[in-house]
Amino acid sequence: MDDKIKIPRSFNVPYITEKESLDLLFKIIYPDLHTSFHDSVFFNFSCYFDDQNDFVDELNDRLIAQFPKDARTFIATDETVEPTDQSQFEDFLHSLNPAGLPPYKLTLKENCPVMLLRNLNPCEGLCNGTRLICCDFKSHVINAKIASGDFKNTHVFIPRIPLLSSDDEKLPIPFKEHNFHYACVSL
């Protein structure tokens, strides 16, 4: 036994150009996006993973652009743990994108799928990894419905919550981010 995983050729997406290959990947993962975006079952079995936040953010942006309706962009509020450092590091904090936190600018559309990044209320089905479908947006809360499991189709409200950056991250300064703590499930 050679301890290698063999991936079937049917799982490979040929490289043409970056744009064409990504468009083909989206068509393979979500073949009927324009007609099935309202069906939560459609998103329950389709996703991809990547260990590079920047690339995932780029893919999310490309996929979100394919959904109908207008996009809504939410900007996080970052603040240093030490208040005296705020003015010195504020712009720098906006450029950071640590793992486990959503991007500083989070763009969503109605009916797009998202995945919760934190346990907000496990008793109500709001656990890390819960898939949701966005329904409506307000400046400080997002109305969504749970896409699968025991709480499927339950409408929930996701508030902006503050979270500290992880001590595990090699960040030059600890900070707190106020944002909606889920990320787009691109896919």
Potential lengthening between residue 153 and residue 16 on full extension [0.36 nm per residue; Cα-Cα distance subtracted]: 45.4 nm
Measuring from label point to label point, each 7 Å out along Cα→Cβ, what is the residue 75 to residue 87 span in nm? 2.0 nm
Short version: ³J(HN,Hα) in whole Hz for each residue of segment 82-91, in order, from phi by Karplus 6.51 cos²θ - 1.76 cosθ + 1.60 (θ = phi - 60°), x for Gly and Pro, what are they? 8, x, 5, 8, 4, 5, 6, 10, 4, 5
Per the rule of 0.36 nm per residue minus the C-alpha distance, extending residue 118 to residue 95 adds in nm 6.1 nm
Karplus 3J(HN,Hα) series, Hz, for segment 144-161 with 6.51 cos²θ - 1.76 cosθ + 1.60 (x for Gly, Pro): 9, 10, 6, 8, 7, x, 4, 9, 3, 6, 6, 7, 9, 10, 9, x, 6, 10
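Counting Lys and Arg as +1 and Asp and Glu as -1, what is the net charge of the other residues whose Cβ lies under 14 Å from the Cβ of residue 27?
In short, -1.
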Which FRET efficiency value, to the nearest 0.05, do you get for residue 62 and residue 2 by plugging their Cβ-Cβ distance into 1/(1 + (r/R0)^6) with R0 = 30 Å? 0.25
Karplus 3J(HN,Hα) series, Hz, for segment 70-79 with 6.51 cos²θ - 1.76 cosθ + 1.60 (x for Gly, Pro): 7, 7, 10, 9, 10, 9, 6, 10, 9, 9
Would you calculate the separation in nanometres between label points at residue 25 and residue 105, each defined as 7 Å from the Cα along the Cα-to-beta-carbon direction? 2.1 nm
Packing rank of 125-137, 144-156, 105-117, where each peptide gets the mean count of other beta carbons within 10 Å, highest leading: 105-117, 125-137, 144-156
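Taken together, the values in this text are just the output of simple stated rules run on the coordinates, not laboratory data. Owing to the predicted nature of the structure, the values given are computational and were not obtained by experimental measurement. Because the Cβ atoms are built from the backbone with ideal geometry, glycine has one as well, and the counts that use them run over all protein chains shown.
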